[in-house]
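> Provided herewith is a single structure, encoded as structure tokens, for subsequent inquiry.
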Amino acid sequence: MNFAEKSQRLRDWFGSSGGMSILKAEQRFLDCTLQRIFGYYACQVSVAGGLEMLNNCSVGYHFKLINTPTASHGLSAIACDANFWPINPGSLDLILLHHVLDIADSPHRLLIEAAKSIIPEGKLVVLGFNPCSLSGIGRWIMPERIGAFKGVKFIHARRLQDWLKLLGFNIDQITYGSYVNPLDRFLKKDSEEIIEKRCAHWRLPFGSFYSILATKETHCMTSLRQPWLEVGNNLMGQPVVRSRANSFGENIESAR
């Protein structure tokens, strides 16, 4: 099963009641976190291309990278291979990876591409499925999840932290959420909220998803002016796509 097929399965599942519950919890986290991040350019890479997860981001200009031109609406979008981004190195202030590492054939390769695209002191936000959770157990025994999560890796947060540190990132924050999913359907709303708040207060690592906020380290003194000129040319006036970027043969939408 390739990246596009796994992405479609997860998109369909996120439309279910269990998936929407996790999406809402993830969006609440993002709305709180992204308001504190500033810059010029932010990029969203999500398994659900139609989502607008950067709406409350304080970074000036937002766009998406998608695997098919039909997977997006709203934000400016560029269709490309998940492992080869049409972005110049050191161009972006913020990148959001929304469950794409979970379905990537080579998650480490995709993470390298993201790390290469971020400026020094830029931010990376990763949302992933937590294997040590009720949802992690449910993918093996719940019929509606067995098919949806076929081929999904559920990368452990500790493993992802190790990768990020090797790529020169400092880990700023690790957050877990949606603890009671998929049992929330059996709980009253008040009981669910109490459990969620207490688990979050105790920082228990058993939520259905985890979020990692990381900052790319600065290893040397660099000019602050020239990168903005380059990324401005790339995203505003000139094509940003390398010839190898589009393995699907689709037309690339230039971010405006």
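Values quoted throughout were computed directly from the atomic coordinates according to the rules given, and no laboratory measurement underlies them. The shown structure was predicted, so the numbers you read here are calculated from the model rather than taken from an experiment. Counting neighbours? That spans all protein chains shown, and the Cβs are built from the backbone with ideal geometry, glycine included.
> Taking Cα pairs under 8 Å and at least six residues apart, what relative contact order does region 1-125 come out at, in percent? Numbers along the way, then the final one.
Working: 206 pairs, mean separation 30.0, N = 125.
With pairs under 8 Å counted, the relative contact order is 24 percent.
> On to the next question. Got a sec? How would Glu26, Glu144 order by Cβ neighbour count within 10 Å, fewest to most? All intermediate terms of the calculation are to be shown ahead of the outcome.
Working: Glu26 22, Glu144 14.
By the 10 Å Cβ count, ascending, the order reads Glu144, Glu26.
> Follow-up question, since we're still on this one. Of Leu92, Phe206, Phe3, which is farthest towards the positive pole of region 3-237's charge dipole, taken about the Cα centre with +1 and -1 on the beta-carbons of Lys, Arg and Asp, Glu respectively?
The residue sitting most towards the positive pole is Phe206.
> Rank these for me by crowding, Ile87, Ile118, Ile212, going from fewest to most other beta carbons within 10 Å.
Values: Ile87 28, Ile118 25, Ile212 20.
Least crowded to most crowded, the residues run Ile212, Ile118, Ile87.
> Neighbour counts of other C-beta atoms within 10 Å: give me His108, His62, His99 arranged from fewest to most. Numbers along the way, then the final one.
Details: His108 14, His62 20, His99 23.
Ranking His108, His62, His99 by Cβ neighbours within 10 Å, fewest first, gives His108, His62, His99.
> Still on this structure, I have one more. For region 3-237, what's the relative contact order in percent, using C-alpha pairs closer than 8 Å and at least 6 residues apart? Spell out each step's value before the answer.
Numbers: 422 pairs, mean separation 47.6, N = 235.
Rounded, it is 20 percent for region 3-237.
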